[in-house]
Amino acid sequence: MTFPLPPVIIIGAHTVGLGVIRALSALEMPRIVLSYDHADMGRASRHITTLIDCPHPENDPAAFLTFLLRLAQIYPGAMLLPASDASLAAVSRHKPELSAVYQVACTDWSITEQYIDKKRTYALAEQIGVPAPRTIVPQNEAEASAYADTVMYPCLVKPCQSHRYFEVFHRKMVRAANPAELLSAYREAAQVDLEVVLQEFIPGGDECGVNYNAYFWNGQPLAEFTAQKWRNAPPELGSPCVVQSDSVSQVLEPGRRILAALGFYGFACTEFKRDPRDGIFKLMEVNGRHNLSGRLAVECGLNFPALHYRHLMLGELPTQTSYRQGLYWIDLTRDLAYHFRRVLRGELPLKDFLQPYRRPHTFAILDYRDLRPFGKRVSGLLASALRGDRTV
C-alpha cells in the first residue's frame with residue numbers, strides 16, 4: 001500500500017500510545033508501532049500499519065538504541081515519537097545520534113531531565129515563582145528522619161522519576177500518615193536506588209486537579225487545551241480515570257511560565273492542583289509527551305498528535321482553534337475497578353458515579369470503530385485477576 005505522507009514510529013502501545021495511534025489515523029501515513037510489553041492493548045489496534053517488538057528502552061538501553069539505529073535503514077527520516085516516560089528518557093538521552101536518521105519528536109536531554117526529574121522541576125518552579133507544594137530532597141535517611149519529625153501529616157513520598165518507581169512498586173507515590181510510614185517508604189525506595197522527594201500534601205479531592213495541555217514553540221504556546229480531573233485511580237494518589245474538557249484560565253499563566261523557563265518545545269501536559277486552603281493552583285508535574293487522556297483533546301477538536309506530526313514533518317505551525325467543552329474522557333476499566341467499589345461501599349453516590357456516563361463522553365480504550373484493544377485489555381485484566389495481581 002502506498003501512503004502520501006512519510007511514516008511515524010510510535011514507541012509504546014499502552015493507553016498513551018493507543019491514543020496517539022488513533023489520533024494519527026486521521027492522516028495517511030504508515031504508522032509503525034514499537035512495543036516492548038506484550039500486555040499493551042494498543043498492539044491490537046486496526047490503525048497500526050506495522051507492529052514490531054523492540055527491546056525495553058530502560059531495561060536494555062544499549063540494545064534499544066542499536067535497534068532504533070538499525071530500523072532507520074528501513075524508515076529513514078521517519079518521525080520518532082516516544083509515547084511513554086521510559087521511551088522518552090531513552091530517546092532524549094540519545095537524541096543527537098537519533099536526529100541524524102529520524103525527525104525526533106521530543107526535547108533535548110538538557111531540557112528533558114529538568115521535567116522528568118521532579119526535584120529539578122520543583123526547584124525551577126521555586127526559582128521562577130510558580131506555586132508548587134513545599135518540597136525537600138533528602139540526601140540521606142538522617143535528613144528524611146529530621147523532616148519526618150517536623151512535617152504536618154499526611155505528607156507525600158514521591159519519586160524523582162515516576163516511571164522507574166512505578167515499574168518497581170506499581171504505585172505513583174506514598175501518602176504517609178506518620179513518621180514511621182514516611183521512613184518506611186523512604187527506605188523502600190533507597191533500597192532499590194530510587195531518589196524521592198518529601199512533599200506537603202495538598203488537600204482537596206480529585207476534582208481539584210487540572211491539566212494544561214499545550215504545543216509550545218519558540219517560548220510561546222501555539223495551541224492550548226485545559227481539562228478538569230474528576231476521578232483518579234486509585235483516588236487521590238493515582239492517575240486520572242475521568243477527565244472533563246473545560247476552560248480553566250487560572251492555569252494558563254503558570255503553565256506558560258514553567259514551560260518557557262524549561263525552554264520546552266513540542267507537546268506537554270502540565271498538571272496542577274487547586275489548593276482549597278488558598279485557592280491557588282499549584283504545580284504537580286510536567287509531562288513532556290502526549291498524555292494519558294490525550295484522546296479527550298482530539299475528540300474536542302484539538303488533535304495534538306496530528307499537529308505535532310504536521311509541524312515536524314510538513315512544516316505547518318499549529319494554530320489555536322476553539323475546542324468543545326464539557327466532554328468527559330473515561331478510562332472505563334479503571335473507573336469501574338476503583339470507583340464502582342466506592343459506590344458499593346456507600347462512599348460515592350451512584351448518581352455522581354454515573355454522571356460522566358450520562359453526559360457526552362469518550363472512552364480511553366473502548367472504541368466501537370476499533371474494538372480489539374478493549375478486548376485485549378479486558379482479557380489481560382481477567383488473566384491478572386486469576387494470577388492474583390491487584391494492579392489495574
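The values are calculated or read from the model by the stated rules, or taken from the named source; none is laboratory data. All figures in this text were calculated on a predicted structure; none of them were measured in a lab. All Cβ positions, glycine included, derive from the backbone under ideal geometry; neighbour counts span all protein chains shown. We work out accessible area using only protein heavy atoms, side chains counted, and drop any ligands, DNA or RNA first. Shrake-Rupley method; radii C 1.70, N 1.55, O 1.52, S 1.80 Å.
The number of residues in segment 210-264 being in a loop (DSSP other than H, G, I, E, B), open to solvent by 10 Å² or more (accessible area, probe 1.4 Å) and farther than 30 Å from Val343 by Cβ comes to 3. Once segment 21-49 is narrowed to residues that are assigned to a helix (DSSP H, G or I) and among the basic types (Lys, Arg), the residue that is least open to solvent (accessible area, probe 1.4 Å) is Arg22.
Against the numbered list (1) in a loop (DSSP other than H, G, I, E, B); (2) open to solvent by 10 Å² or more (accessible area, probe 1.4 Å), Thr107 comes up short only at (2).
Only one of these is touching a helix residue (DSSP H, G or I) at 6+ places or on another chain (Cβ under 9 Å), surrounded by fewer than 14 Cβ atoms within 10 Å (Cβ to Cβ) and part of a helix (DSSP H, G or I): Ala180, Ala144. Name it. Give the derivation first.
On the way: Ala144 fails: surrounded by fewer than 14 Cβ atoms within 10 Å (Cβ to Cβ).
So the residue among Ala180, Ala144 that is touching a helix residue (DSSP H, G or I) at 6+ places or on another chain (Cβ under 9 Å), surrounded by fewer than 14 Cβ atoms within 10 Å (Cβ to Cβ) and part of a helix (DSSP H, G or I) is Ala180.
Considering only residues in segment 310-353 that are open to solvent by less than 50 Å² (accessible area, probe 1.4 Å) and of a type in the set (Asp, Glu), the one that is farthest from Pro4 (Cα to Cα) turns out to be Asp335. For the criterion of being part of a helix (DSSP H, G or I), more than 15 Å from Cys155 (Cβ to Cβ), of a type outside the set (Lys, Arg) and touching a Lys or Arg at 6+ places or on another chain (Cβ under 8 Å), Glu207 passes. Hey, any hits in segment 83-90 for a residue that's open to solvent by 10 Å² or more (accessible area, probe 1.4 Å), at pLDDT below 95 and closer than 30 Å to Thr150 by Cα? Checked against the condition, which is being open to solvent by 10 Å² or more (accessible area, probe 1.4 Å), at pLDDT below 95 and closer than 30 Å to Thr150 by Cα, segment 83-90 yields no hits at all.
Is segment 347-361 home to any residue that is under 19 Å from Leu296 (Cβ atoms), of a type in the set (D, E, K, R) and touching a His at 6+ places or on another chain (Cβ under 8 Å)? So far as segment 347-361 goes, no, none of its residues is under 19 Å from Leu296 (Cβ atoms), of a type in the set (D, E, K, R) and touching a His at 6+ places or on another chain (Cβ under 8 Å).
Candidates in segment 337-392 are the residues that are within 19 Å of Trp230 (Cβ to Cβ) and among the hydroxyl-bearing types (Ser, Thr, Tyr); of these, the one that is modelled with the lowest pLDDT is Tyr338.
Being crowded, with 18+ Cβ neighbours inside 10 Å and modelled with pLDDT under 90 is true of Val151.
Applying the set (1) without any contact (Cβ under 8 Å) to a residue 12 or more places away in the chain; (2) assigned to a strand (DSSP E or B) to Ala268 leaves exactly one unmet item: (1). Taking segment 91-104, which residues are polar (S, T, N, Q) and open to solvent by 10 Å² or more (accessible area, probe 1.4 Å)? Within segment 91-104, Ser99, Gln103 meet the criteria.
Summed over segment 343-362, the residues that are within 25 Å of the chain's Cα centre (by Cα) and either within 18 Å of Gly238 (Cα to Cα) or acidic (Asp, Glu) (or both) give a count of 1.
Selection of first residues in segment 226-247 that are on the phi > 0 side of the Ramachandran plot and of second residues that are part of a strand (DSSP E or B) and modelled with pLDDT under 95, restricted to Cβ pairs under 8 Å at least 6 apart or on distinct chains, gives the following pairs, ordered by first then second residue: Glu236/Arg175.
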